[in-house]
Amino acid sequence: MKSDYSSLHVVPEISTQASGPSYSVVRLCESLLSQGHKVTLDVLDWAPIASPPSFVKTFPLGFGPRRLGRSPSMLHSLNSEVNTGTFDLIHNHGLWVMPNVYSCWVSRRFDMPLVVSPRGTLSEWAFLSGSIVKKVFWPLLQRPALKATTCFHATAISEYEDIRRMGFQQPVAIIPNGVDIPRLKYENTNQMRTLLFLGRIHPVKGVDTLLEAWRVVSPRFPKWQLRIVGPDNHGYLARMRVLAAELKLARVEFSGPLYGEAKLKAYQDAELFVLPTHSENFGMTVAEALAAGTPAIVSKGAPWEGLVCEGAGWWIDIGLDPLVASLEVALSISREELLLMGEKGRVWMQRDFSWTEIAHKTRETYRWILNGGKKPDWVRLG
């Protein structure tokens, strides 16, 4: 294979408020570029940004419901880009939107290898909570299109299992997302100790369970406060504010979304991070918290079993009682002990989740797809 091989990436959108795929897909592309790999990233102009990376191409929406992301201009461009022979493979990120179907159509038309990263969209919870549109979109468009996939990419074992549960038998490369490691945690001089939730205020995240748990434990830990940070999702934030008022909760703050340095400061101001989620393919906020030196309590809805063996936190069953039990233990621990746990998490992130390592594994997966030879250790055939 030629040394300057290249990949065409497709994701529905990226935004300035980089989180989820907006962060992980862009950082993957940047890291591939830094290792000499040529990259183009095609996105819709749903959330235009002032200074997009030079490798990003944006396309306008066409006629039809916005949620479908129909864009004839993107489809035309994908066909043209692949037909020129510029690219060696296509890497699609996500499902349920027309760009994720276009990438499959174009791959099949030109017999080009296709990597698909579901990004959590194949989880059982995602299907059970799906809309009527999803129930039509899956059998008519998305599932047939995925037959063109050469290799799936899963960010954790649980996502690999989701792919197999849906009946797909193609190889699966299990490569986590990477995380940037920020500067070392500064000394926290706050008298109040902070338990932080940071993420979308969405039913899947378990914020209601967290508020119920806080009602139980907060009276015994008056030096702790709960801070809930994140953007609203279709009015769910208002419902959580109402729930907090109904439960008569003390020392609870809803902060809205934070980005950049303000988000990093929120992680570093907190002594403990919590994510009682029902379903995550990865849980980028967990990696961000650990990279910032903050230990975490995470439910088994997210693939963070390493928290226990690395001594960086707790991995608990989903539900109120397990969350209450873990909070009672964690909130009793001294600042010094939690700092030590946070440092262990930070070392773990540096060792296993650097973007340099993630880009290397991705490139080696591409090489194997295109050239054959010895299978990478992180690729599963069965």
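The values are calculated or read from the model by the stated rules, or taken from the named source; none is laboratory data. Quick caveat: nothing in here was measured; it's all calculated off a predicted structure. Every residue, glycine as well, gets a Cβ built from its backbone with ideal geometry; the counts of neighbours run over all protein chains shown.
Hand me the list of strands (runs of 3 or more DSSP E) wholly inside segment 124-216 holding 1 or more residues that are assigned by TED's automatic domain parsing to the domain that holds residue 313 and at pLDDT 95 or above.
Fully inside segment 124-216 and qualifying: 193-198.
Of the residues that make up segment 335-347, is at least one out of contact with any strand residue (DSSP E or B) (no Cβ under 8 Å at 6 or more places or on another chain), β-branched (Val, Ile, Thr) and under 20 Å from residue 176 (Cβ atoms)?
First, pick out the residues of segment 335-347 that are out of contact with any strand residue (DSSP E or B) (no Cβ under 8 Å at 6 or more places or on another chain): 336-337, 339-340, 342-344, 346-347.
Applying the additional criterion that residues be β-branched (Val, Ile, Thr) yields 347.
Now restrict to residues that are under 20 Å from residue 176 (Cβ atoms): 347.
Within segment 335-347, one or more residues are out of contact with any strand residue (DSSP E or B) (no Cβ under 8 Å at 6 or more places or on another chain), β-branched (Val, Ile, Thr) and under 20 Å from residue 176 (Cβ atoms).
Could you please let me know if residue 250 is more than 20 Å from residue 322 (Cβ to Cβ) and more than 20 Å from the chain's Cα centre (by Cα)?
Considered against the rule, which asks whether it is more than 20 Å from residue 322 (Cβ to Cβ) and more than 20 Å from the chain's Cα centre (by Cα), residue 250 comes out as yes.
Look at segment 315-347 and say how many of its residues are closer than 12 Å to residue 294 by Cα and not acidic (Asp, Glu).
Residues in segment 315-347 being closer than 12 Å to residue 294 by Cα and not acidic (Asp, Glu): 10 in total.
Checking the conditions here, which among 59, 63 is modelled with pLDDT of 85 or more, surrounded by 15 or more Cβ atoms within 10 Å (Cβ to Cβ) and aromatic (Phe, Trp, Tyr)? Full working, then the answer.
Values: 63 fails: surrounded by 15 or more Cβ atoms within 10 Å (Cβ to Cβ).
Matching residue, one of 59, 63: 59.
Can you find a residue that is closer than 30 Å to residue 165 by Cα and of a type in the set (A, V, I, L, M, F, W, C) anywhere in segment 327-347?
no
Would you mind stating whether residue 283 is crowded, with 17+ Cβ neighbours inside 10 Å, within 17 Å of the chain's Cα centre (by Cα), more than 17 Å from residue 264 (Cβ to Cβ) and small (Gly, Ala, Ser)?
Yes.
Could you list, ordered by first residue, the pairs with Cβ atoms under 9 Å in which the first is in segment 218-240 and on the phi > 0 side of the Ramachandran plot and the second is part of a strand (DSSP E or B) and not acidic (Asp, Glu), at least 6 apart or interchain?
230/197; 230/198; 230/201; 230/254; 230/255; 230/256
If I ask for residues that are on the phi < 0 side of the Ramachandran plot and free of Cβ contacts under 8 Å to residues at least 24 places away in the same chain, which ones from segment 92-133 would you list?
If the condition is that a residue be on the phi < 0 side of the Ramachandran plot and free of Cβ contacts under 8 Å to residues at least 24 places away in the same chain, then 127, 128, 130, 131, 132 are the ones that fit.
Condition check: assigned to a helix (DSSP H, G or I), modelled with pLDDT under 95 and not basic (Lys, Arg). Does residue 264 satisfy that? Don't jump to the end; show me each part of the working.
Numbers: assigned to a helix (DSSP H, G or I): yes; modelled with pLDDT under 95: yes; not basic (Lys, Arg): yes.
Considered against the rule, which asks whether it is assigned to a helix (DSSP H, G or I), modelled with pLDDT under 95 and not basic (Lys, Arg), residue 264 comes out as yes.
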